[in-house]
1. Carbon-plus-sulfur fraction of the accessible area of chain A, 1.4 Å probe, in percent?
2. What residue among B:48, B:123, B:16 has the largest mean-square fluctuation in a Gaussian network model of chain B, using Cα springs under 10 Å?
3. Is the C-alpha gyration tensor of region A:189-260 telling us rounded, prolate or oblate? Criteria: a/c under 1.5 is rounded; beyond that, a/b larger than b/c is prolate, otherwise oblate.
4. Across region B:62-78, in residue order, what do the Karplus-derived ³J(HN,Hα) couplings come to in whole Hz, using 6.51 cos²θ - 1.76 cosθ + 1.60 with θ = phi - 60° and x for Gly and Pro?
5. Please find the FRET efficiency linking residue B:150 to residue B:105, where r is the Cβ-Cβ separation and R0 is fixed at 56 Å, and quote it to the nearest 0.05.
6. What residues have an amide H closer than 5 Å to that of residue A:115, excluding those fewer than 5 places away on the same chain, when H is modeled at 1.01 Å from N in the peptide plane?
7. Separation between the residue C:2 and residue A:220 pseudo-spin-labels, each 7 Å from Cα along Cα→Cβ, expressed in nm?
8. Keeping all protein chains in place, calculate the accessible area per residue for the protein assembly as shown (probe 1.4 angstrom), answer in Å².
Amino acid sequence: MQKVVRFLLVLALVLPTAVLASSEGHNDHDVDHDTKDLTPEEEAERKAEREKNHRKHYVIHHTQDSHDFGLFTNETEGKHYGFPLPVILWDDGIHFFMSSKFGHGHKTASSNGKYFKLDYNNGKVYQADAEGHFLKKKVWDKELKEFVSERVEVLDFSITKNVLVTMLMVVLMFFLFRSIARSYKNGLAPTGAAKFFEPIIIYVRDEIARPNIGEKHYKKYMVYLLTVFFFIWFLNLSGMTPLGINVTGNIAFTAALALMTYLITTFTGKKDYWMHIFWMPGVPWPMKIVLAPIELLGTIIKPFALMIRLYANMLAGHIVLGMLILAAYGFSNYFASGAFIGLTFFMNIIELLVALLQAYIFTMLTALYFGAAAEEHDHEHAAAH
Amino acid sequence: MGLLEEFSIGLFFWQSVLFLALLFLLRKFAWKPILDSVNEREQKISDSLELAEKTKEEMESLKASNENLLKEARAERDAMIKDAKETASRMVAEAKDKAKEEGNKMLASAKDSINAEKAAAISELKTQVAAFSIEIAEKVVRGELSSADKQKALADKLVEDINMN
Amino acid sequence: MEIPTIVGAGLVVIGVGIGIGRIGGSAMEAIARQPEATNKIQTAMLIAAALIEGIGFAALFAA
């Protein structure tokens, strides 16, 4: 059993390389329009530049959410392999169809008399007309100080790849932890999966919740902390699979979690918490007036930093991994490629650690904020008087 | 790649819904029972430990009381031995005293009898000496008293002697 | 001449790097001095590093 797990682990680490390799072989079908009046040097430079941009775009695209579940792409033939996902749009009524209608941005999807087109580059859906042109609207641009035309975005509630993965993860976590909970009915000693997860649960309780929130109040936050910890960790790990999933490296996901933390902190805040924001005890009154807006801003900045931290860490990890994998194919020298594959392997292990670390830090800081909200500062008042 | 540009309201909506669903599902079906049973077990373990500690303490006190008992017994034994020894020595002393007394008594009675014997002997000696004296005196007197003058002179002399004595 | 924002971001990232490096180094020293306080030191280190890191991200996204 252990051997199988170890084998799967190694496979999971190596596979991203293989999968991205199968979708490699890019770029040659890009047709140049204005090469004829360029000198050979300029042409070479442009080609290199284009190549660079293409690679950058290729990697970034793999970190983005998408409307279909792509397994791999054969770029030489321009074919995508995978399966379509349901698209749900709101544009004067609900529109429901499968994402295969978009044809990866090449086709215009029609639904209930409206036309929609997908921009494959940023994964967003825009209104279009029957001929497949994007509809434009005039928008005031603050920086240019003039009206610019912009494509009209549609409210998009599609079951995208990230939503699907999250749904699967919710189901997986539900069954996993329910089975663990049930295993305790047979006896108090942990068995099976509980043997692995119980120490982690106890760690979250004893090392994260208790010291940061305090013995008195930690119990009511345990459910949220445990859920957040395992949710982030599992989704981080799902990003380590070769399917190119990047849920936690998506700003919408981290924003949802950070908002939850903010709401819980705000609504469970005790009198002392608000007092420390609006009327900081122990400082002279002019300072209190200065501190109040800063503290108030701090309550928003804290969850914002939570959001950005998780997002940036996971996104950066994926981009670095993607770049390294691409770099392994950028060399004709076998040794250089081999070195980059080794480096990718190493980075994968680091990312595995980061997956846990980021879940830990998110939970830890959340617990810290909850602790500030729930705490009753007897000691500080004593010090202030 | 601006933050706002990438932000998708739909994804945000779905993530929030899914997360809340997970939160409530896990709270009901997982965390509550898991934390409860973990707490229960910890309670059990700490109770058992406490019990063990208590038992150990009891054992210790039992051991201590045993030791006390043993000590007492030993002291009692020692006292008994000491008592016996004392009694024995007292008896010996008493016996000695008695013997001494008896001896003394015997000695005294012996002395008394010796004295009595001695007195008797002396008195006998005295009587015998007196008898001898009388005999001698008779013989002397017979010689002396062969004439009347001599008888008279002797009588006078005797009387004088006796008076002088 | 205008300095590109990315240069500023780079400077901030250098600062953040130095800051986190110092936190890590100090934490190592502290752990070496007091191995029994490892847990507390690690927690404090991670929190401080995370806060500084936040500044770095803010700079990166501003650029």
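The values are calculated or read from the model by the stated rules, or taken from the named source; none is laboratory data. Just so you know, these numbers come straight off a predicted model, no measurement behind them. Positions of Cβ are backbone-derived with ideal geometry, glycine not excepted, and every protein chain shown enters the neighbour counts. These area figures cover heavy atoms from the full protein model, side chains too; ligands, DNA and RNA do not enter into them. Shrake-Rupley method; radii C 1.70, N 1.55, O 1.52, S 1.80 Å.
1. On chain A, the fraction of accessible area on carbon and sulfur atoms equals 65 percent.
2. Looking only at B:48, B:123, B:16, the largest GNM fluctuation is found for B:16.
3. Since a/c reaches 1.5 but b/c is at least a/b, the shape of region A:189-260 is classed as oblate.
4. Karplus values, whole Hz, x for Gly and Pro: 4, 4, 4, 5, 4, 4, 4, 4, 4, 4, 4, 4, 4, 5, 4, 4, 4.
5. The pair residue B:150/residue B:105 has a calculated efficiency of 0.40.
6. Under 5 Å from the amide H of residue A:115: A:128.
7. 5.2 nm
8. Per residue, the protein assembly as shown has 62 Å² of solvent-accessible surface.
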